[in-house]
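Derivation of every value follows stated rules applied to the coordinates shown; laboratory data play no part. All of these numbers come straight from a predicted model, not from anything done at the bench. Ideal geometry is used to build each Cβ from the backbone, glycine not excepted, and the neighbour counts take in all protein chains shown.
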Amino acid sequence: MKASHAFVQALENEGVTHIFAVPGEENLDLLDAIRSSSITLVLTRHEQGAGFMAATYGRLTGKAGVCMATLGPGATNLVTPIAYAQLGAMPMFVITGQKPIKKSKQARFQIIDVVDMMRPITKFTKQIVNSATIPSLVRESFRLAEQEKPGVSHLEFPEDIAQETTEPTLYYKAPYHKTQPAPAAIEQAIALIEQAEKPVVLIGAAANRACSPEVLREFIDATDIYFFTTQMGKGLIDERHPRYLGTAALSDHDFLHRALESADLVLSVGYDVVEKPPFFMKPGGKKVIHINYAPSEVDQVYFPQLDVIGAMDASLQAIAKGLTPPSSWDFSVFEEAKKKIQGHLSKYFQDTRFPMLPQRLVHLLREALDEKDIITLDNGVYKLWFARNYTCYGPNTLLLDNALASMGAGLPSAMAVNMLHPDRKVISVCGDGGFMMNSQELETAVRLKLNLTVIILNDSAYGMIKWKQEDMGFPHYGLDYQNPDFVRYAESYGARGYRPDSDEQFQSILSHCLSTDGVHVIDLPVDYSLNHPILNQLLKEQTQS
């Protein structure tokens, strides 16, 4: 069997159904093997599009999403989505091509050390130098990519190795069993919780992929402890739950952070230090119990006093079973904070000014979507409003990245979501800056006959940096630009473009898009004038008083 066919057979053995790719000449043997396989090739217009789609596939399925590119520039274009998946713990397997390694015919043309380049941003990276090792290397790559903490594996497949003849071998996929928490750690956790007066639960990114929503909700219901989430922990428990406080979208100076200052114990379920800190620990301050699959990483603002390591479901169930909630617990500060948070979040929901406030958009999208419909966010200042103000009814219904926080991921992510969940409505919310970084994938979405709506928040500037610039007291400078006509741009790809000129017209367009098949692009003028006075000034004043 040709080595390229043995490689694809190994991928089929792993259950691979799709490969997202921009192939090059060094991939042609592998491309031909894919042609005659059960795997679907998804051709994208840029390697970033392929990488972000593969990362989102992994995020939603727990199985490594697969992407492929050629050597040199193809591989370097994958660096950003690889880092995105690695920091965000999204399982992904990357294939890159390479010139022949046994006989060089083109000197060093296009050749860089891709394996060495990948080493800091992957869990595993290796060049294949012997076709007989393909099955074992593929199996090891998927094992490492999918096991906790998930991440990225990479294999470089040289052109001449792909053309070799080899004997096919398939490796058994051994089941992965998570360790059980130590009884001593459970006993210590119970003692700390019962000694606390104002405990609170934090739900982080790792919980959103490795913890059962039912088990976590049962823990909250059994203890009545209030909970809050990081941005990547949103939705694991329905946020209409009476004990939900909010999402830590800002670093500090929000009503949520003010309440957390009063907490004397935080049960940190699935928090990962790659996420933006949801609170800052101080020596001699509140105690933190780290409940996770792996030990805590000591950081200047995160150094838990107790680690409960193992399967998070088992840890929570064991703690709940042995815990007797004391009558001395005082949740009054959280009850008061919840009232302030809810009142503040909904303040501008009915404000129909145009251009539209991001708070108003959050409200309209929440009303328009069902419980399982999905929004993907690119990266921009609007992400803070969605993280704070959008009520998630279920896990992975608001997909955002707060680990690498890369621009350009919103549209490809929505495309992968629609492929995996064609029965759900999918909306991608992008800033004009982030949208333009991978806007060419509109052609891919149209060609694949996907059904999704892209909302471009148009302020003709890099709004997040402009907001930070204002907060630091600098005058506005160097962050404004001109955009293309997004309606005509969308139509040039075969999508449908819209530009509302009022709140009422936007609602009508949104309803049409969500009820009509195809790719829709809405160019929505956005009003960011309240970002600085609310997020930088008002909240700080109100939470310090």
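Tabulated results
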quantity	calculated
Cα shape, segment 183-340, gyration tensor, a/c 1.5 rule	rounded
Relative contact order of segment 3-162, defined on C-alpha pairs under 8 angstrom at six or more residues apart (%)	26
Cut-off under 5 Å, modelled amide H: who pairs with Val66 long-range	Phe20, Phe93
Extreme residue, positive dipole direction of segment 183-340, given options Gln195, Pro295, Val333 (C-beta unit charges)	Val333
Directionally averaged shadow of segment 3-162, computed from the convex hull of its alpha-carbon atoms, nm²	7.9
Estimated inter-spin distance, Thr516 and Thr179, nm [label 7 Å along Cα→Cβ]	5.6
Separation in nanometres of the label points that stand 7 Å from Cα toward Cβ, at Glu218 and Ser262	3.2
Residue exposure sequence - His5, His532 - by fewest surrounding Cβ within 10 Å	His532, His5
Linear extension gain, Phe303 paired with Asp330, 0.36 nm per residue minus alpha-carbon span	7.2 nm
From phi via Karplus (6.51, -1.76, 1.60), per-residue ³J(HN,Hα) for segment 175-182 in Hz, x at Gly/Pro	x, 9, 10, 6, 5, 8, x, 6
Anisotropy class of the chain from Cα gyration tensor, a/c 1.5 cut	oblate
Ellipticity estimate at 222 nm from DSSP helix runs (n ≥ 4, -39,500 (n - 2.57)) divided over the chain, nearest 500	-11000 deg cm²/dmol
Percent RCO, i.e. relative contact order, over the chain, from Cα pairs under 8 Å lying at least 6 residues apart	13
Relative packing of 221-230, 495-504, 379-388, which averages over residues the other C-beta atoms within 10 Å, highest first	379-388, 221-230, 495-504
Lys102-Glu367 pseudo-label distance in nm [points 7 Å out on the Cα-to-Cβ vector]	6.8
Amide H within-cut-off set for Leu71, under 5 Å, with H built and near neighbours excluded	Glu26, Gly97
Computed magnitude of the charge dipole of segment 302-431 (debye, nearest 20; Cβ of K, R +1, Cβ of D, E -1)	380
DSSP-defined beta bridges in segment 348-537 - what % are antiparallel, rounded to 5	5
For the chain, share of DSSP beta bridges that run antiparallel, in % to the nearest 5	5
Spin-label zone in segment 361-405 - amide nitrogen under 17 Å from a point set 7 Å from the Cα of Lys468 along the C-beta vector	378-385, 401-405
Estimated FRET transfer efficiency when R0 is 41 angstrom, pair Ser38-Gln482 (beta carbons, to 0.05)	0.30
Cα-centre dipole for the chain with unit charges at Cβ (Lys and Arg positive, Asp and Glu negative), debye to 20	460
Check: segment 3-162 dipole with +1 on Lys, Arg Cβ and -1 on Asp, Glu Cβ, in debye	200
Relative contact order for segment 105-242, counting Cα pairs under 8 Å that sit 6 or more residues apart, in percent	18
Distance between segment 491-545 and segment 1-62 - C-alpha centres, whole angstrom	35
Amide H within-cut-off set for Asp264, under 5 Å, with H built and near neighbours excluded	Glu197, Lys198
